[in-house]
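Working notes, beginning with the structure itself.
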Amino acid sequence: MTQPGASRYAPVPPVHGAHAAAADGVADDTAPRVHTYRTGGYTVVELHGEIDIAGLGTVGPSLDAATTGDEPAVIVDLRPAAFFDCSGLGLLCRAHRRVGERHGRMRLVCDNALVLRTLRAGRLLDVLRPVATLDEALRQE
């Protein structure tokens, strides 16, 4: 849902703790972080780094923000994730439930065999129906 007066393609403001860097100023590819933006009427939430129990406090608030309001349209992109465990499954379940309660739409983008295996083990493949590309998610009905 776009805020009044805002372009539907405007970037979504970053959420506290959304980006991480190592102590030497170089980005840490394993640190959990989020990149959020708007495209095609959706809020896209890219999850980067290791999505595990240690990262819940970093990425959870961004997913909550994206699933707020009436009829949220959200795409969760797991392609940048370096690691994804059952804690991440919990985040996806929460986001999916919140979107459903608000009569919105949620799409999942994932092309990583290990993450797909985790989704399968959690019995979420049939629920979330992940696709391999952002374009596919934008075209889904």
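The values are calculated or read from the model by the stated rules, or taken from the named source; none is laboratory data. Owing to the predicted nature of the structure, the values given are computational and were not obtained by experimental measurement. Quick reminder, even Gly has a Cβ in these numbers, built from the backbone with ideal geometry, and neighbours come from all protein chains shown. Ligands, DNA and RNA are stripped out before the accessible areas are found, and what is left, the full protein with its side chains, is counted by its heavy atoms. Shrake-Rupley method; radii C 1.70, N 1.55, O 1.52, S 1.80 Å.
Quick notes
- Of all accessible heavy-atom area on region 60-119, the percent that carbon and sulfur account for (1.4 Å): 51
- Pairwise Cα inverse-distance average, inverted: Kirkwood Rh of region 95-138 (Å): 11.1
- Legend: calculated FRET efficiency, Arg139 to His103, from the Cβ-Cβ distance at R0 = 22 Å, rounded to 0.05, equals 0.60.
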